[in-house]
Amino acid sequence: MTTDVRSTTAGGEVSAREARHVVQTYKRAPIVLTSGRGSYVYDVDGREYLDLISGVGVASLGHANPGLAAIVADQASTLLHCSNLFFHPLQGELAERLAALSGLERTFFCNSGTEAMEACLKFARRYWYADGAPQRSGIVALRGAFHGRTFGSLSITADPHYRDPFGPLLGPVTFVSPDDPAELAAAVTGDTAIVVVEAIQGEGGVRPLGVEFARAVQEACTRTGALLICDEIQCGLGRTGVPFYFPELGLQPQLVPVGKALGAGIPIGAALVSEAVAARVGYGEHGSTYGGNLLACRAGIYFLDQLTNGGVLEHVRRVGAHLGERLTELAGRHASIKEVRGVALMRGLDLDRPAAPVVDAARERGLLVNGTAKTVVRLLPPLTITAEEVDLAIDRLDDALTATAGATR
């Protein structure tokens, strides 16, 4: 039986109030979540769910992480926000750590991945303006891409479902197949200002870029001088077992937007920018009221410390390999699984049918996953998930696939 928020008075009140007062942009699953601990969340009825969504990759250190809770409480009782009219000691520290991990010397802080992408687009445009070539405005992006929902990020998101109701958008944008290096090479010319890629397409179905295609991207940017933006909002900051995935592909971007995992649940985004690009941006040419506030920066510092010094990266590599093995075993038992995709703790099961029924069946069994690209079951667990929790998740997903797909092999 599908869980229904109307089954309890409290749940019914929550959904009814939202129906009256909240803009209806989200089609929510019919449960009301009230608390969490580690890899688990709990609903209004006290039911436990093993969470392999983690707030779409946001709860990177799990739910109610004690260390994060302590620093949030401490910072809230000290100073939350002072605006960017003044210095505070944490922006520089966090930016220094991000530079050491990414190789990009400068950081602009904002509040989300989408805002980080907007900043990257603005800075890239500013670069060509300062270079005396404002007419160089062409953008090459990939089919299957998802970069956000603001006007700039939406303009480089390929799916007409997201784009068409809000046109006309920023342009000119040329979309090419991520499987066709020759099409990419032909599209990038001397008029191209920016090439935008996700090292692993997330919303597009958990699709890592191929090495040959990545080589074509880098060669085209080197040949024409086009700036390269590598979107690591979802795949970056440890999810693949390395700080960033773009070096694994041989890519050398000048701009990298990040978000999601960086605050471990506290809203923060960052545009990581090369010195050459940053040097062309002047005072007052971009800004954010909340961006880089003390609470967000402190959360980011705590997360990076856990990632690099607290053993999280090594843990992701080890548990991510185990997850990959278990998913391969699962695919061997279920004819409905066409392909297992992804790296470490960013995985997708591409099915021969819609993913939504599997997502619903998994939730009924106490497992939270989500569907993307219509046929893909996406797994983005906390980076701290254990091997034992992975095994439990696979058991529940196995049951869900059996209940919805029938035939196994």
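Every number in this text was worked out from the coordinates using simple rules, so none of it is lab data. Just so you know, these numbers come straight off a predicted model, no measurement behind them. Using ideal geometry, Cβ is built from the backbone for each residue, glycine included, and neighbour counts are taken over all protein chains shown.
Mean sequence separation of contacting Cα pairs (under 8 Å, at least six apart), scaled by the length of the chain, corresponds to a relative contact order of 20 percent. Each label was represented as a point 7 Å from its Cα along the Cα-to-Cβ direction; for Ala99 and Lys122 these points are 2.1 nm apart. Along the Cα-to-Cβ line of His81, 7 Å from the Cα, sits a label point; which residues in the stretch 293-311 have backbone N less than 18 Å from it? In the stretch 293-311, the label zone of His81 (backbone N under 18 Å from the point 7 Å along Cα→Cβ) covers 293-300. Between Ala70 and Leu392, the contour length at 0.36 nm per residue exceeds the Cα-Cα span by 113.0 nm. Taking the DSSP beta bridges with both ends in the stretch 68-308, the antiparallel portion is around 45 percent. Net charge of the neighbourhood of Gly292, taken over other residues with C-beta under 15 Å away and scored Lys/Arg +1, Asp/Glu -1, is 0. For the chain, the longest principal axis of the Cα atoms and the long axis of helix 211-224 meet at an angle of about 20 degrees. Under a Gaussian network description of the chain, with springs only between Cα atoms under 10 Å, the residue in Leu94, Leu392, Leu52 that fluctuates furthest is Leu392. With Cβ to Cβ distances under 14 Å as the rule, what net charge do the other residues near Thr157 carry (K, R +1; D, E -1)? Neighbourhood net charge equals -3. Grab the DSSP H runs of the chain that are 4 residues or longer, score each as -39,500 (n - 2.57), total them, divide by all residues and round the 222 nm result to the nearest 500 deg cm²/dmol. Result for the chain, helices only: -12000 deg cm²/dmol. Comparing the stretch 68-308 with the 2.2 N^0.38 Å rule of thumb, its C-alpha radius of gyration ratio is 0.99 (two decimals).
Computing FRET efficiency as 1/(1 + (r/R0)^6) for Tyr162 and Val22, where r is the C-beta to C-beta distance and R0 is 30 Å, gives about 0.90.
Among Val195, Val359, Val44, the largest mean-square fluctuation in a Gaussian network model of the chain, built with springs joining Cα atoms closer than 10 Å, belongs to Val44.
Taking every DSSP beta bridge that has both ends in the chain, the antiparallel portion is near 70%. A cut-off under 14 angstrom between Cβ atoms defines the neighbours of Gln24, and their net charge, with Lys, Arg +1 and Asp, Glu -1, is +3. Note on the chain: Lys pairs 8 or more places apart or on different chains, Cα atoms under 27 Å apart, count 6.
Over the chain, the reciprocal of the mean inverse Cα-Cα separation, the Kirkwood hydrodynamic radius, stands at 22.1 Å. Restriction of the chymotrypsin sites (Phe, Trp or Tyr not before Pro) in the stretch 225-306 to DSSP coil positions whose beta-carbon has at most 14 other beta-carbons within 10 angstrom yields Tyr283. Each Cα pair of the stretch 21-123 feeds into the Kirkwood radius, which the Stokes-Einstein equation turns, at 25 °C and 0.890 mPa s, into a diffusion coefficient of 142 µm²/s.
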